[in-house]
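See structure below.
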Amino acid sequence: EWDVVETQEHYRSRWRSVRILYLTMFLSSVGFSIVIMSIWPYLQKIDQTADASFLGWVIASFSLGQMVASPLFGLWSNYRPRKEPLIVSIFISVAANCLYAYVHVPAAHNKYYMLIARGLVGFGAGNVAVVRSYIAGATSLQERTSAMANTSTCQALGFILGPVFQTCFALIGEKGVTWDIIKLQINMYTAPVLLGAFLGILNIILILFILREHRVDDSGRQCKSMNFQEETTDEVHNPEGSIDQVAVVATNVLFFVVLFIFALFETILTPLTMDMYAWTQEQAVLYDGIILAVLGVEAVIVFMGVKLLSKKIDERALLLGGLVVVWVGFFILLPWGNEFPKVQWQDLHNSSIPNTTFGEIIIDLWNSPREDHSEQPTGCPIEQTWCLYTPVIHLAQFLTAAVLVGIGYPACNVMSYTLYSKVLGPKPQGMYMGWLSASGSAARILGPVFISHVYTYLGPRWAFSLVCGIVVLTISLMGAVYRRLVAFSVRYGRIQE
(Lines give C-alpha, C1' and ligand atoms only; values in the text may rest on other atoms or scores of the structure.)
Protein backbone atom coordinates (compact mmCIF):
# COMPACT_ATOMS: atom_id res chain seq x y z
CA GLU A 1 0.00 0.00 0.00
CA TRP A 2 2.97 2.33 0.61
CA ASP A 3 5.86 3.18 -1.76
CA VAL A 4 9.29 2.97 -0.12
CA VAL A 5 10.65 6.04 -1.91
CA GLU A 6 8.64 9.15 -2.81
CA THR A 7 9.26 10.51 -6.30
CA GLN A 8 10.25 14.14 -6.82
CA GLU A 9 7.15 14.71 -8.94
CA HIS A 10 4.92 13.43 -6.14
CA TYR A 11 6.82 15.50 -3.56
CA ARG A 12 6.35 18.72 -5.56
CA SER A 13 2.68 18.00 -6.23
CA ARG A 14 2.10 17.15 -2.57
CA TRP A 15 3.59 20.38 -1.26
CA ARG A 16 1.88 22.43 -3.98
CA SER A 17 -1.45 21.14 -2.69
CA VAL A 18 -0.47 21.78 0.93
CA ARG A 19 0.50 25.35 0.07
CA ILE A 20 -2.81 25.88 -1.70
CA LEU A 21 -4.49 24.95 1.58
CA TYR A 22 -2.24 27.45 3.37
CA LEU A 23 -3.59 30.11 1.00
CA THR A 24 -7.14 28.86 1.47
CA MET A 25 -6.84 29.19 5.23
CA PHE A 26 -5.40 32.68 4.83
CA LEU A 27 -8.22 33.91 2.60
CA SER A 28 -10.87 32.26 4.76
CA SER A 29 -9.52 33.82 7.96
CA VAL A 30 -9.54 37.24 6.30
CA GLY A 31 -13.19 36.72 5.42
CA PHE A 32 -14.11 35.59 8.94
CA SER A 33 -12.16 38.25 10.88
CA ILE A 34 -13.01 41.20 8.68
CA VAL A 35 -16.42 41.63 10.33
CA ILE A 36 -15.86 40.53 13.92
CA MET A 37 -15.29 44.00 15.39
CA SER A 38 -18.24 45.58 13.57
CA ILE A 39 -20.86 42.99 14.58
CA TRP A 40 -21.73 44.72 17.85
CA PRO A 41 -22.21 48.28 16.50
CA TYR A 42 -24.01 46.95 13.40
CA LEU A 43 -26.28 44.88 15.60
CA GLN A 44 -27.17 47.95 17.65
CA LYS A 45 -27.79 49.94 14.46
CA ILE A 46 -30.20 47.51 12.78
CA ASP A 47 -32.10 46.39 15.90
CA GLN A 48 -32.40 48.57 19.01
CA THR A 49 -33.68 45.61 21.06
CA ALA A 50 -30.32 43.82 20.84
CA ASP A 51 -28.12 43.91 23.96
CA ALA A 52 -24.68 42.57 24.92
CA SER A 53 -26.19 39.21 25.85
CA PHE A 54 -27.61 38.77 22.34
CA LEU A 55 -24.20 39.67 20.93
CA GLY A 56 -22.91 36.55 22.65
CA TRP A 57 -25.52 34.45 20.86
CA VAL A 58 -24.71 36.01 17.47
CA ILE A 59 -21.02 35.22 17.84
CA ALA A 60 -21.83 31.78 19.24
CA SER A 61 -24.06 30.99 16.24
CA PHE A 62 -20.96 30.97 14.03
CA SER A 63 -19.41 28.31 16.22
CA LEU A 64 -22.63 26.32 16.49
CA GLY A 65 -22.73 26.02 12.72
CA GLN A 66 -19.07 25.01 12.67
CA MET A 67 -19.58 22.46 15.43
CA VAL A 68 -22.40 20.77 13.52
CA ALA A 69 -20.58 20.84 10.18
CA SER A 70 -17.06 19.79 11.22
CA PRO A 71 -17.75 16.07 11.91
CA LEU A 72 -19.94 15.87 8.82
CA PHE A 73 -17.33 17.36 6.50
CA GLY A 74 -14.61 15.32 8.24
CA LEU A 75 -16.50 12.06 7.71
CA TRP A 76 -17.23 13.06 4.11
CA SER A 77 -13.50 13.62 3.48
CA ASN A 78 -12.65 10.09 4.70
CA TYR A 79 -14.64 8.46 1.90
CA ARG A 80 -14.68 10.98 -0.94
CA PRO A 81 -12.17 13.35 -2.60
CA ARG A 82 -11.56 16.17 -0.19
CA LYS A 83 -12.27 18.76 -2.88
CA GLU A 84 -15.98 18.01 -2.54
CA PRO A 85 -16.55 19.05 1.11
CA LEU A 86 -14.15 21.98 0.70
CA ILE A 87 -15.98 23.48 -2.29
CA VAL A 88 -19.46 22.90 -0.85
CA SER A 89 -18.55 24.43 2.51
CA ILE A 90 -17.00 27.54 0.96
CA PHE A 91 -20.04 28.03 -1.27
CA ILE A 92 -22.27 28.00 1.83
CA SER A 93 -20.08 30.67 3.45
CA VAL A 94 -20.27 32.85 0.33
CA ALA A 95 -24.08 32.65 0.29
CA ALA A 96 -24.25 33.40 4.02
CA ASN A 97 -22.06 36.49 3.63
CA CYS A 98 -24.43 37.77 0.96
CA LEU A 99 -27.35 37.22 3.36
CA TYR A 100 -25.50 39.18 6.08
CA ALA A 101 -25.28 42.16 3.73
CA TYR A 102 -29.10 42.28 3.63
CA VAL A 103 -30.00 41.83 7.31
CA HIS A 104 -30.99 45.52 7.50
CA VAL A 105 -33.76 45.12 4.90
CA PRO A 106 -36.55 43.35 6.90
CA ALA A 107 -38.87 45.64 8.84
CA ALA A 108 -38.46 43.71 12.10
CA HIS A 109 -36.47 40.94 13.81
CA ASN A 110 -33.26 42.04 12.09
CA LYS A 111 -31.10 40.64 14.88
CA TYR A 112 -32.41 37.13 14.18
CA TYR A 113 -31.51 37.41 10.50
CA MET A 114 -27.98 38.32 11.56
CA LEU A 115 -28.00 35.30 13.89
CA ILE A 116 -28.95 33.00 10.99
CA ALA A 117 -26.39 34.54 8.63
CA ARG A 118 -23.51 34.12 11.07
CA GLY A 119 -24.64 30.56 11.79
CA LEU A 120 -24.47 29.65 8.11
CA VAL A 121 -21.04 31.27 7.76
CA GLY A 122 -19.94 29.07 10.66
CA PHE A 123 -21.40 25.98 8.99
CA GLY A 124 -19.21 26.68 5.97
CA ALA A 125 -16.22 27.17 8.27
CA GLY A 126 -16.53 23.52 9.28
CA ASN A 127 -14.11 22.75 6.44
CA VAL A 128 -11.19 23.47 8.79
CA ALA A 129 -11.45 19.80 9.84
CA VAL A 130 -10.90 18.76 6.22
CA VAL A 131 -7.92 21.09 5.86
CA ARG A 132 -6.23 19.80 9.02
CA SER A 133 -6.97 16.22 8.05
CA TYR A 134 -5.48 16.74 4.60
CA ILE A 135 -2.30 18.36 5.96
CA ALA A 136 -1.92 15.66 8.63
CA GLY A 137 -2.30 12.94 5.98
CA ALA A 138 -0.04 14.65 3.44
CA THR A 139 2.93 15.21 5.76
CA SER A 140 5.34 12.90 7.54
CA LEU A 141 5.79 12.98 11.31
CA GLN A 142 8.94 15.06 10.88
CA GLU A 143 7.16 17.56 8.62
CA ARG A 144 3.98 17.77 10.69
CA THR A 145 4.80 20.45 13.28
CA SER A 146 6.23 22.78 10.66
CA ALA A 147 3.22 22.29 8.36
CA MET A 148 0.72 22.85 11.15
CA ALA A 149 2.63 25.95 12.29
CA ASN A 150 2.57 27.28 8.73
CA THR A 151 -1.18 26.68 8.60
CA SER A 152 -1.65 28.64 11.80
CA THR A 153 0.66 31.37 10.51
CA CYS A 154 -1.48 31.79 7.41
CA GLN A 155 -4.58 31.97 9.58
CA ALA A 156 -2.90 34.57 11.78
CA LEU A 157 -1.90 36.64 8.76
CA GLY A 158 -5.52 36.53 7.70
CA PHE A 159 -6.59 37.72 11.12
CA ILE A 160 -4.08 40.57 10.78
CA LEU A 161 -5.32 41.79 7.42
CA GLY A 162 -8.99 41.23 8.32
CA PRO A 163 -9.05 43.98 10.97
CA VAL A 164 -6.83 46.15 8.74
CA PHE A 165 -9.35 45.94 5.91
CA GLN A 166 -12.14 46.55 8.40
CA THR A 167 -10.34 49.65 9.65
CA CYS A 168 -10.10 50.90 6.06
CA PHE A 169 -13.80 50.22 5.49
CA ALA A 170 -14.56 52.29 8.60
CA LEU A 171 -13.63 55.31 6.46
CA ILE A 172 -16.74 54.63 4.35
CA GLY A 173 -18.89 55.52 7.36
CA GLU A 174 -22.23 54.20 8.55
CA LYS A 175 -24.20 55.75 5.68
CA GLY A 176 -22.03 54.75 2.74
CA VAL A 177 -23.77 54.35 -0.61
CA THR A 178 -26.99 52.54 -1.54
CA TRP A 179 -27.71 50.54 -4.68
CA ASP A 180 -31.47 50.99 -4.77
CA ILE A 181 -32.18 48.49 -7.56
CA ILE A 182 -31.05 45.52 -5.45
CA LYS A 183 -31.53 47.26 -2.08
CA LEU A 184 -27.85 46.89 -1.22
CA GLN A 185 -26.21 49.27 1.23
CA ILE A 186 -22.43 49.41 0.95
CA ASN A 187 -21.13 50.88 4.19
CA MET A 188 -18.58 50.15 6.92
CA TYR A 189 -20.66 47.14 8.04
CA THR A 190 -21.58 45.46 4.73
CA ALA A 191 -18.48 46.13 2.61
CA PRO A 192 -16.35 43.69 4.68
CA VAL A 193 -18.74 40.76 4.20
CA LEU A 194 -18.96 41.42 0.47
CA LEU A 195 -15.17 41.22 0.32
CA GLY A 196 -15.39 37.97 2.31
CA ALA A 197 -17.78 36.56 -0.30
CA PHE A 198 -15.37 37.50 -3.10
CA LEU A 199 -12.47 35.79 -1.31
CA GLY A 200 -14.62 32.67 -0.94
CA ILE A 201 -15.20 32.54 -4.69
CA LEU A 202 -11.44 32.86 -5.21
CA ASN A 203 -10.89 29.94 -2.82
CA ILE A 204 -13.29 27.74 -4.80
CA ILE A 205 -11.37 28.44 -8.02
CA LEU A 206 -8.00 27.60 -6.41
CA ILE A 207 -9.24 24.32 -4.91
CA LEU A 208 -11.05 23.26 -8.06
CA PHE A 209 -8.10 23.67 -10.42
CA ILE A 210 -4.93 23.18 -8.33
CA LEU A 211 -5.58 20.91 -5.31
CA ARG A 212 -4.67 17.22 -5.76
CA GLU A 213 -5.20 14.23 -3.42
CA HIS A 214 -2.09 13.02 -1.56
CA ARG A 215 -1.39 10.80 1.44
CA VAL A 216 1.84 9.65 3.09
CA ASP A 217 2.50 7.65 6.25
CA ASP A 218 4.38 8.87 9.36
CA SER A 219 7.71 8.07 7.67
CA GLY A 220 6.77 9.98 4.50
CA ARG A 221 6.12 6.96 2.25
CA GLN A 222 3.69 7.63 -0.59
CA CYS A 223 0.24 6.02 -0.61
CA LYS A 224 -0.31 4.08 -3.85
CA SER A 225 -4.10 3.80 -3.66
CA MET A 226 -6.54 6.66 -3.09
CA ASN A 227 -9.52 4.37 -2.50
CA PHE A 228 -10.57 5.91 0.80
CA GLN A 229 -13.06 3.30 1.93
CA GLU A 230 -10.80 0.30 1.33
CA GLU A 231 -7.84 2.07 2.85
CA THR A 232 -9.82 2.99 5.95
CA THR A 233 -11.06 -0.59 6.39
CA ASP A 234 -7.59 -2.10 6.05
CA GLU A 235 -6.02 0.30 8.51
CA VAL A 236 -8.78 0.07 11.09
CA HIS A 237 -8.18 -3.69 11.31
CA ASN A 238 -4.41 -3.23 11.51
CA PRO A 239 -3.36 -5.31 14.53
CA GLU A 240 -0.15 -3.35 15.12
CA GLY A 241 -1.73 -0.79 17.43
CA SER A 242 -4.78 1.25 18.34
CA ILE A 243 -5.23 4.95 19.07
CA ASP A 244 -4.89 6.04 22.71
CA GLN A 245 -8.44 7.23 23.33
CA VAL A 246 -7.54 8.81 26.68
CA ALA A 247 -5.03 11.04 24.91
CA VAL A 248 -7.62 11.81 22.23
CA VAL A 249 -10.25 12.90 24.76
CA ALA A 250 -7.72 14.88 26.82
CA THR A 251 -6.46 16.73 23.75
CA ASN A 252 -10.02 17.59 22.76
CA VAL A 253 -10.57 19.05 26.24
CA LEU A 254 -7.32 21.03 26.04
CA PHE A 255 -8.25 22.36 22.61
CA PHE A 256 -11.71 23.25 23.91
CA VAL A 257 -10.27 25.36 26.73
CA VAL A 258 -7.75 27.08 24.44
CA LEU A 259 -10.48 28.10 21.99
CA PHE A 260 -12.87 28.95 24.86
CA ILE A 261 -10.36 31.43 26.26
CA PHE A 262 -9.65 33.19 22.98
CA ALA A 263 -13.33 33.25 21.99
CA LEU A 264 -14.36 34.99 25.19
CA PHE A 265 -11.46 37.44 24.93
CA GLU A 266 -12.39 38.24 21.34
CA THR A 267 -16.06 38.64 22.27
CA ILE A 268 -15.56 40.91 25.26
CA LEU A 269 -12.98 43.14 23.57
CA THR A 270 -15.44 45.65 22.08
CA PRO A 271 -17.92 45.91 25.02
CA LEU A 272 -15.06 46.08 27.53
CA THR A 273 -13.22 48.90 25.77
CA MET A 274 -16.45 50.84 25.17
CA ASP A 275 -17.38 50.53 28.86
CA MET A 276 -13.96 51.19 30.38
CA TYR A 277 -12.66 53.91 28.07
CA ALA A 278 -15.93 55.54 26.90
CA TRP A 279 -15.16 54.81 23.25
CA THR A 280 -17.85 55.42 20.65
CA GLN A 281 -18.93 52.63 18.32
CA GLU A 282 -16.73 53.92 15.49
CA GLN A 283 -13.76 54.35 17.86
CA ALA A 284 -14.24 50.82 19.16
CA VAL A 285 -14.28 49.37 15.63
CA LEU A 286 -11.15 51.34 14.71
CA TYR A 287 -9.07 50.87 17.88
CA ASP A 288 -10.05 47.26 18.55
CA GLY A 289 -9.32 46.46 14.93
CA ILE A 290 -5.83 47.88 15.38
CA ILE A 291 -5.37 45.88 18.60
CA LEU A 292 -6.39 42.64 16.88
CA ALA A 293 -4.11 43.42 13.96
CA VAL A 294 -1.16 43.88 16.33
CA LEU A 295 -2.06 40.64 18.11
CA GLY A 296 -2.11 38.97 14.71
CA VAL A 297 1.45 40.15 14.00
CA GLU A 298 2.42 38.87 17.44
CA ALA A 299 0.81 35.51 16.67
CA VAL A 300 2.81 35.15 13.45
CA ILE A 301 6.02 35.75 15.40
CA VAL A 302 4.93 33.20 18.02
CA PHE A 303 4.10 30.60 15.34
CA MET A 304 7.50 31.03 13.74
CA GLY A 305 9.16 30.85 17.15
CA VAL A 306 7.21 27.73 18.09
CA LYS A 307 8.24 26.07 14.84
CA LEU A 308 11.91 26.63 15.74
CA LEU A 309 11.56 25.85 19.45
CA SER A 310 9.74 22.57 18.78
CA LYS A 311 12.99 21.20 17.30
CA LYS A 312 14.75 21.65 20.66
CA ILE A 313 11.95 21.68 23.26
CA ASP A 314 9.26 19.05 23.84
CA GLU A 315 5.98 20.11 22.20
CA ARG A 316 4.11 19.19 25.39
CA ALA A 317 6.30 21.61 27.37
CA LEU A 318 5.49 24.38 24.88
CA LEU A 319 1.76 23.71 25.32
CA LEU A 320 2.07 23.78 29.10
CA GLY A 321 4.11 27.01 28.99
CA GLY A 322 1.49 28.64 26.80
CA LEU A 323 -1.24 27.86 29.32
CA VAL A 324 0.80 29.44 32.10
CA VAL A 325 1.30 32.63 30.06
CA VAL A 326 -2.45 32.82 29.37
CA TRP A 327 -3.19 32.51 33.10
CA VAL A 328 -0.81 35.38 33.90
CA GLY A 329 -2.52 37.52 31.23
CA PHE A 330 -6.01 37.09 32.67
CA PHE A 331 -4.75 37.57 36.22
CA ILE A 332 -3.31 40.97 35.20
CA LEU A 333 -6.68 41.82 33.61
CA LEU A 334 -8.47 41.69 37.00
CA PRO A 335 -9.70 45.17 38.09
CA TRP A 336 -7.64 46.83 40.85
CA GLY A 337 -7.50 50.25 42.50
CA ASN A 338 -9.98 53.01 43.42
CA GLU A 339 -10.63 54.64 40.05
CA PHE A 340 -13.98 53.80 38.42
CA PRO A 341 -15.16 53.88 34.79
CA LYS A 342 -17.26 56.69 33.36
CA VAL A 343 -20.97 55.88 33.71
CA GLN A 344 -23.72 56.60 31.17
CA TRP A 345 -25.72 58.99 33.35
CA GLN A 346 -27.52 60.27 30.26
CA ASP A 347 -29.88 57.31 30.50
CA LEU A 348 -31.24 58.54 33.83
CA HIS A 349 -33.79 61.30 34.36
CA ASN A 350 -32.24 64.48 35.69
CA SER A 351 -34.42 64.32 38.77
CA SER A 352 -32.92 60.99 39.75
CA ILE A 353 -29.35 62.28 39.77
CA PRO A 354 -28.11 63.91 42.97
CA ASN A 355 -26.49 67.09 41.66
CA THR A 356 -24.41 67.55 44.79
CA THR A 357 -22.60 64.34 44.07
CA PHE A 358 -22.50 64.11 40.29
CA GLY A 359 -22.85 67.77 39.27
CA GLU A 360 -19.40 67.92 37.75
CA ILE A 361 -20.09 64.80 35.71
CA ILE A 362 -23.32 66.26 34.34
CA ILE A 363 -21.63 69.55 33.48
CA ASP A 364 -18.87 67.71 31.64
CA LEU A 365 -21.41 65.68 29.68
CA TRP A 366 -23.49 68.76 28.89
CA ASN A 367 -20.47 70.70 27.68
CA SER A 368 -18.96 67.84 25.69
CA PRO A 369 -19.10 68.60 21.94
CA ARG A 370 -21.41 66.46 19.81
CA GLU A 371 -21.57 66.42 16.08
CA ASP A 372 -24.83 64.47 16.12
CA HIS A 373 -27.39 64.80 18.92
CA SER A 374 -28.71 61.35 18.07
CA GLU A 375 -25.33 59.82 18.93
CA GLN A 376 -25.57 57.15 21.57
CA PRO A 377 -24.06 57.89 25.01
CA THR A 378 -20.61 56.55 25.86
CA GLY A 379 -19.26 54.92 28.97
CA CYS A 380 -20.36 52.07 31.21
CA PRO A 381 -24.19 51.62 31.06
CA ILE A 382 -25.92 52.29 34.38
CA GLU A 383 -28.00 49.13 33.81
CA GLN A 384 -24.79 47.22 34.57
CA THR A 385 -24.82 47.90 38.30
CA TRP A 386 -21.23 46.72 38.72
CA CYS A 387 -20.12 49.89 36.91
CA LEU A 388 -20.74 51.77 40.18
CA TYR A 389 -18.36 49.75 42.34
CA THR A 390 -15.91 47.88 40.04
CA PRO A 391 -12.56 49.63 39.46
CA VAL A 392 -11.62 50.56 35.92
CA ILE A 393 -9.21 48.34 33.98
CA HIS A 394 -6.48 50.77 32.97
CA LEU A 395 -5.46 50.87 29.34
CA ALA A 396 -1.86 49.85 30.10
CA GLN A 397 -3.18 46.96 32.19
CA PHE A 398 -5.48 45.86 29.37
CA LEU A 399 -2.76 46.08 26.70
CA THR A 400 -0.29 44.11 28.84
CA ALA A 401 -2.86 41.36 29.33
CA ALA A 402 -3.66 41.36 25.60
CA VAL A 403 0.04 40.90 24.74
CA LEU A 404 0.35 37.93 27.12
CA VAL A 405 -2.83 36.28 25.84
CA GLY A 406 -1.49 36.94 22.32
CA ILE A 407 1.64 34.96 23.20
CA GLY A 408 0.00 32.06 25.03
CA TYR A 409 -2.98 31.44 22.75
CA PRO A 410 -1.15 30.79 19.43
CA ALA A 411 1.40 28.55 21.14
CA CYS A 412 -1.35 26.48 22.77
CA ASN A 413 -3.43 26.41 19.60
CA VAL A 414 -0.82 25.03 17.21
CA MET A 415 0.70 22.63 19.76
CA SER A 416 -2.66 21.13 20.76
CA TYR A 417 -3.79 20.09 17.28
CA THR A 418 -0.24 19.16 16.21
CA LEU A 419 0.01 16.75 19.15
CA TYR A 420 -3.50 15.52 18.33
CA SER A 421 -2.61 14.68 14.73
CA LYS A 422 0.48 12.78 15.92
CA VAL A 423 -1.50 10.82 18.53
CA LEU A 424 -3.91 9.68 15.79
CA GLY A 425 -1.17 8.26 13.56
CA PRO A 426 -1.34 7.38 9.85
CA LYS A 427 -5.04 6.43 9.74
CA PRO A 428 -7.45 8.79 7.92
CA GLN A 429 -8.09 11.60 10.38
CA GLY A 430 -11.11 13.34 8.85
CA MET A 431 -13.63 12.20 11.47
CA TYR A 432 -11.26 12.73 14.39
CA MET A 433 -10.30 16.18 13.13
CA GLY A 434 -14.01 16.86 12.77
CA TRP A 435 -14.49 16.12 16.47
CA LEU A 436 -11.53 18.33 17.36
CA SER A 437 -12.99 21.18 15.32
CA ALA A 438 -16.37 20.50 16.91
CA SER A 439 -14.85 20.80 20.39
CA GLY A 440 -13.27 24.08 19.38
CA SER A 441 -16.58 25.24 17.95
CA ALA A 442 -18.37 24.28 21.17
CA ALA A 443 -15.83 26.46 22.98
CA ARG A 444 -16.64 29.32 20.62
CA ILE A 445 -20.32 28.84 21.45
CA LEU A 446 -19.97 28.66 25.21
CA GLY A 447 -17.16 31.21 25.46
CA PRO A 448 -19.11 34.20 24.06
CA VAL A 449 -22.31 33.21 25.90
CA PHE A 450 -20.42 32.71 29.17
CA ILE A 451 -18.45 35.94 29.04
CA SER A 452 -21.29 38.13 27.76
CA HIS A 453 -23.65 37.02 30.54
CA VAL A 454 -21.12 36.99 33.39
CA TYR A 455 -19.66 40.31 32.25
CA THR A 456 -23.07 41.97 31.84
CA TYR A 457 -24.50 40.87 35.18
CA LEU A 458 -21.46 40.40 37.46
CA GLY A 459 -18.70 42.46 35.83
CA PRO A 460 -15.10 41.88 34.74
CA ARG A 461 -13.80 40.89 38.19
CA TRP A 462 -16.00 37.79 38.39
CA ALA A 463 -15.62 37.02 34.68
CA PHE A 464 -11.82 37.05 34.60
CA SER A 465 -11.48 35.34 37.99
CA LEU A 466 -13.51 32.41 36.67
CA VAL A 467 -11.32 32.28 33.56
CA CYS A 468 -8.20 32.09 35.76
CA GLY A 469 -9.77 29.17 37.62
CA ILE A 470 -10.55 27.34 34.38
CA VAL A 471 -6.95 27.73 33.19
CA VAL A 472 -5.61 26.33 36.50
CA LEU A 473 -7.80 23.23 36.08
CA THR A 474 -6.57 22.83 32.50
CA ILE A 475 -2.93 23.00 33.58
CA SER A 476 -3.70 20.25 36.10
CA LEU A 477 -5.23 18.09 33.35
CA MET A 478 -2.19 18.68 31.16
CA GLY A 479 0.07 17.45 33.94
CA ALA A 480 -2.06 14.32 34.42
CA VAL A 481 -1.91 13.21 30.75
CA TYR A 482 1.55 14.59 29.93
CA ARG A 483 3.16 11.17 29.36
CA ARG A 484 0.35 9.95 27.11
CA LEU A 485 0.60 12.78 24.57
CA VAL A 486 3.10 11.04 22.27
CA ALA A 487 3.00 10.24 18.57
CA PHE A 488 1.31 7.00 17.47
CA SER A 489 4.44 5.67 15.76
CA VAL A 490 6.61 6.59 18.75
CA ARG A 491 4.20 4.88 21.15
CA TYR A 492 4.51 1.60 19.27
CA GLY A 493 8.26 1.90 18.71
CA ARG A 494 8.14 2.32 14.92
CA ILE A 495 9.92 5.69 15.03
CA GLN A 496 12.37 6.90 17.68
CA GLU A 497 11.20 10.03 19.50
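Just one residue in the set 159, 123 is buried (at least 22 other Cβ atoms within 10 Å of the Cβ) and at pLDDT 90 or above; that residue is 123.
For residue 192, the conditions (1) at pLDDT 85 or above; (2) buried (at least 22 other Cβ atoms within 10 Å of the Cβ); (3) out of contact with any Phe, Trp or Tyr (no Cβ under 7 Å at 6 or more places or on another chain) are fulfilled apart from (3). Screening 187, 150 for residues that are touching a helix residue (DSSP H, G or I) at 6+ places or on another chain (Cβ under 7 Å), modelled with pLDDT of 85 or more and open to solvent by 30 Å² or more (accessible area, probe 1.4 Å) leaves exactly one candidate, 150. Evaluation of residue 344 against the conditions (1) open to solvent by less than 50 Å² (accessible area, probe 1.4 Å); (2) modelled with pLDDT of 80 or more shows that the sole unmet condition is (2).
Screening residue 116 on (1) at pLDDT 85 or above; (2) closer than 26 Å to residue 312 by Cα shows it passes everything except condition (2).
Quick grid of which residues meet (1) within 23 Å of residue 63 (Cα to Cα); (2) in a helix (DSSP H, G or I); (3) touching a Leu at 6+ places or on another chain (Cβ under 8 Å):
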residue	(1), (2), (3)
134	yes, yes, yes
142	no, yes, no
149	yes, yes, no
152	yes, yes, no
203	yes, yes, yes
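Residues checked against (1) farther than 25 Å from residue 407 by Cβ; (2) touching an Asp or Glu at 6+ places or on another chain (Cβ under 9 Å):
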site: 108; (1), (2): yes, yes
site: 136; (1), (2): yes, no
site: 152; (1), (2): no, no
site: 157; (1), (2): no, no
site: 162; (1), (2): no, no
site: 186; (1), (2): yes, no
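A single member of 17, 33, 63, 38 is among the polar types (S, T, N, Q) and either more than 24 Å from residue 449 (Cα to Cα) or in contact with a His (Cβ under 7 Å, 6 or more places away or on another chain) (or both), and it is 17. If you check every pair at least six apart or on different chains, which have Cβ atoms under 7 Å apart with a residue in the stretch 51-65 that is within 15 Å of residue 126 (Cβ to Cβ) first and a residue that is aromatic (Phe, Trp, Tyr) and part of a helix (DSSP H, G or I) second? Note: pairs meeting the criteria are 65/123. Take residue 284 and decide whether it is touching a residue at least 40 places away in the same chain (Cβ under 8 Å), hydrophobic (A, V, I, L, M, F, W, C), touching a Lys or Arg at 6+ places or on another chain (Cβ under 8 Å) and under 21 Å from residue 398 (Cβ atoms). In short, no.
None of 181, 201, 205 is more than 20 Å from the chain's Cα centre (by Cα), farther than 30 Å from residue 17 by Cβ and open to solvent by 60 Å² or more (accessible area, probe 1.4 Å) except 181. Which condition does residue 275 not pass, out of (1) over 19 Å from the mean Cα position of the chain (by Cα); (2) farther than 29 Å from residue 389 by Cα; (3) modelled with pLDDT of 85 or more, if it passes all the others? That leaves (2) as the condition not met. Sub-6 Å Cβ pairs linking a first residue in the stretch 370-383 that is closer than 14 Å to residue 41 by Cα to a second residue that is open to solvent by less than 80 Å² (accessible area, probe 1.4 Å) and at pLDDT 80 or above, at least 6 apart or interchain, are 378/278; 378/280, ordered by first then second residue.
Applying a threshold of 6 Å to beta carbon distances and a minimum spacing of six or more residues, or different chains, the list of pairs starting in the stretch 242-266 at a residue that is acidic (Asp, Glu) and ending at one that is surrounded by fewer than 19 Cβ atoms within 10 Å (Cβ to Cβ) reads 244/484. Of the residues making up the stretch 278-318, just one is among the basic types (Lys, Arg), open to solvent by 40 Å² or more (accessible area, probe 1.4 Å) and part of a helix (DSSP H, G or I), namely 307. Scanning the stretch 388-412 for residues that are modelled with pLDDT under 90 and among the polar types (S, T, N, Q) gives a single hit, 390.
The values are calculated or read from the model by the stated rules, or taken from the named source; none is laboratory data. For clarity, every value in this text was computed on a predicted model and none was experimentally measured. Note that we place each Cβ from the backbone using ideal geometry, even for glycine, and neighbour counts take in every protein chain shown. Areas reflect the complete protein model, heavy atoms only, side chains present, ligands, DNA and RNA absent. Shrake-Rupley method; radii C 1.70, N 1.55, O 1.52, S 1.80 Å.
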